[in-house]
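These notes concern the structure reproduced below.
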Amino acid sequence: MKKNILALGLMIIAFAGFGSPAALSLFNQANSLYSRGRFEQAISFYQQALQSGIQNSDLYYNLGNAYYKTGDLGRAALCWRRAERLNPADPDLRANLELTGKMISEHLPVPAQSSLTDFWRRVRDLGSAQKWGTRFSIFIWGFWLSLFLYLIFSARRMKRILLGLNLILVLLTLAAGAGFGFRYHWEQEPAGVVLQKNVPARSGPGENFSLLFELPAGARVLIRECGSGYCKVEFPPGMIGWVEGKTIERI
């Protein structure tokens, strides 16, 4: 389950700003502790690496794995969700989140997704909002370049080729724009993760209100409002209740 430190090291060297050598050293030590089964200590070093400046999916993924090994599914799911916002296409991460979803479905009635909903989710998860935005920029600049070439070339064959290319780039631009819109909206949702087991969701902000349902550790919820130590959350679609604020954490 652990990501290779070499891959992350090369990425950090290649792109400035991913972290300092000290932060990378902490991450390296954490991976070493993880590989020796010293998960609590690994968690401490991963957290220090986060505080030192590394913010990427591999670190959150490994930290989530370490929490999972200690039996803390809530914080494991929180870290995996944070990794998902940075690199949603990671197959190992997707497998972990699907495992978490199956465990949650044993406690809550999670409705099956329609084929269309599942298709749009897969499109959304082809990249982060930043990656979708980059694709959109590339396609739209490609379109303008292709259009410019279409206008300056006079040969009919070349014009036909460029016209076909323009149509393809228009479709790709529209697809990338839609992908960005879906992904950006999802990333901006006020989402959090339930940290504790069997968290009671009540009809109001207090223990004197009636119990509606219980949320399992690792469940992703939408945080609608908070106050007086309680938060109103929604477990999609439509299961709404009040929980203690300390039992959830924003992604």
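Hey, residue 223 hits all of (1) closer than 30 Å to residue 116 by Cα; (2) in contact with a helix residue (DSSP H, G or I) (Cβ under 6 Å, 6 or more places away or on another chain); (3) of a type in the set (A, V, I, L, M) but one; which does it fall short on? Just one mismatch for residue 223, condition (2). Summed over segment 205-251, residues that are within 20 Å of the chain's Cα centre (by Cα), surrounded by 17 or more Cβ atoms within 10 Å (Cβ to Cβ) and on the phi < 0 side of the Ramachandran plot total 10.
Within segment 213-231, the presence of a residue that is among the aromatic types (Phe, Trp, Tyr), farther than 20 Å from residue 132 by Cα, assigned to a loop (DSSP other than H, G, I, E, B) and modelled with pLDDT under 95 is excluded.
Condition check ((1) at pLDDT 95 or above; (2) in the same structural domain as residue 126 (by TED's automatic domain parsing); (3) farther than 30 Å from residue 250 by Cα) across all residues:
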| position | (1), (2), (3) |
| --- | --- |
| 157 | no, yes, yes |
| 181 | no, yes, no |
| 197 | no, no, no |
| 201 | yes, no, no |
| 206 | no, no, no |
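For every residue, the table says whether it meets (1) in contact (Cβ under 8 Å) with a residue 60 or more places away in the chain; (2) closer than 25 Å to residue 104 by Cβ; (3) hydroxyl-bearing (Ser, Thr, Tyr).
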position	(1), (2), (3)
33	no, no, no
36	no, no, no
43	no, yes, no
50	no, no, no
63	no, yes, no
71	no, yes, no
75	yes, yes, no
80	no, yes, no
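One residue alone among 67, 46, 61 is modelled with pLDDT of 90 or more, of a type in the set (Phe, Trp, Tyr), more than 18 Å from residue 217 (Cα to Cα) and surrounded by 15 or more Cβ atoms within 10 Å (Cβ to Cβ), and that residue is 46.
The values are calculated or read from the model by the stated rules, or taken from the named source; none is laboratory data. Just so it is clear, the structure is predicted and the values come from calculations on it, not from any experiment. In this analysis, Cβ positions are derived from the backbone assuming ideal geometry, glycine residues included, and neighbour counts consider all displayed protein chains.
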